[in-house]
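Below is one structure, written out as structure tokens, with a few remarks after it.
The values are calculated or read from the model by the stated rules, or taken from the named source; none is laboratory data. Quick caveat: nothing in here was measured; it's all calculated off a predicted structure. Here the Cβ positions follow ideal geometry from the backbone for every residue, glycine too, while neighbour counts run over all protein chains shown. These area figures cover heavy atoms from the full protein model, side chains too; ligands, DNA and RNA do not enter into them. Shrake-Rupley method; radii C 1.70, N 1.55, O 1.52, S 1.80 Å.
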Amino acid sequence: MSAGGLAGSQRAVLACLADVLIAQGRGMPAASAVGVPGELIDRCLEVAPVLGAPLGALLDEPAADAPEEFVRQLAARRPDDFAVLSTAVVGAYYLSGEVRDLIGYPGQQPSPLSVAGEPDYLDMLERVYERHPGYREAP
């Protein structure tokens, strides 16, 4: 893996493998169509750098000739490597604004908590506060 992320040849292999994992269908685009092998995988690896080295090593293997078979064998014989590949691809795929729009997910939204709007929560806290401390020194 280069200092800036995946090499061009690794990205080409990733495009093939990603489309095996997430193919176009049912109104959803294929992984490569939304840019998984480009900026999206870079963003994914930025937030999950632990995936970088194992993913890079996987993408250096000769997989582009028969990507379906490679992914099948990876899932059957090397589940840890399959987990690295699938986690990175799926993580990158759902970073796509187009994909999030298609599934109706606006992304994380703030959810302010109002104590006044949560009376049951206050009742629960009051019961905890009123009971004896219940703390005992461990033997």
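See the values below:
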read-out	value
Read-out Cα extents along the principal axes in Å, derived from the coordinates shown; its label in (i) 46, 34, 27; (ii) 33, 32, 27; (iii) 68, 46, 31	(iii)
Cβ crowding within 10 Å averaged over residues, with 101-107, 76-82, 91-97, 32-38 ranked highest first	32-38, 91-97, 76-82, 101-107
Rounded percent of accessible protein surface that carbon and sulfur make up, region 8-109, 1.4 Å probe	54
Surrounding net charge for PRO37, when Lys and Arg each add one and Asp and Glu each subtract one, Cβ distance under 14 Å	-1
Under 5 Å, built H, 5+ apart or other chain: amide partners of MET28	none
Per residue value of the accessible surface for the chain (all protein chains in place, 1.4 Å probe), Å²	67
ALA138 versus GLN73: modelled label distance in nm, points set 7 Å from Cα along the beta carbon direction	5.0
Using alpha carbons only: equivalent-ellipsoid semi-axes of region 1-72, gyration tensor based, whole Å	20, 16, 10
Per-residue HN-Hα couplings for region 78-86 [Karplus 6.51, -1.76, 1.60; θ = phi - 60°; Hz; x = Gly/Pro]	9, x, 5, 5, 4, 5, 4, 4, 5
Rounded to the nearest 20 debye, dipole of region 8-109 from Cβ charges on Lys, Arg, Asp, Glu	240
Segment VAL47-ALA66, extension gain: residue separation times 0.36 nm, minus the distance between their alpha carbons	3.9 nm
